[in-house]
């Protein structure tokens, strides 16, 4: 096992946030892939609220719209910062955080 320092990009938005008639998170993942980033994952929350203070939850069918969605991408700091700048137009209605993380690599190691 060895580790490197990477940057984690977290983008929090609503599942109903759209970009050209498609979910905004799908466009972010597509652009991450097209940019050659190591990977991207999308997580859907079961409950949350944002600036409106209106709680969105899966518990009540009438409030089940716009559940929180989290897109997480981890890669080299320079690549993440460049990608974030490239997708700024997609981030106007999102909460975006960058965190330094220790990225652990498991598996067979190359003999030196």
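Throughout, read-outs are computed from the coordinates displayed, never taken from laboratory work. As the structure is a prediction and not an experimental result, all values here were calculated from the model. So basically every Cβ, Gly included, is an ideal-geometry build from the backbone, and we count neighbours across all protein chains shown.
Observations, loosely collected:
- Considering residues of segment 9-35 that are out of contact with any helix residue (DSSP H, G or I) (no Cβ under 8 Å at 6 or more places or on another chain) and not in a helix (DSSP H, G or I) only, the residue nearest to residue 47 (Cα to Cα): 14
- Looking across segment 27-42, the residues that are in contact with a strand residue (DSSP E or B) (Cβ under 8 Å, 6 or more places away or on another chain) and surrounded by 12 or more Cβ atoms within 10 Å (Cβ to Cβ) come down to 27, 28, 29, 32, 37, 38, 40, 42.
- Subset of segment 69-98 [assigned to a loop (DSSP other than H, G, I, E, B) and without any contact (Cβ under 8 Å) to a residue 40 or more places away in the chain]: 92
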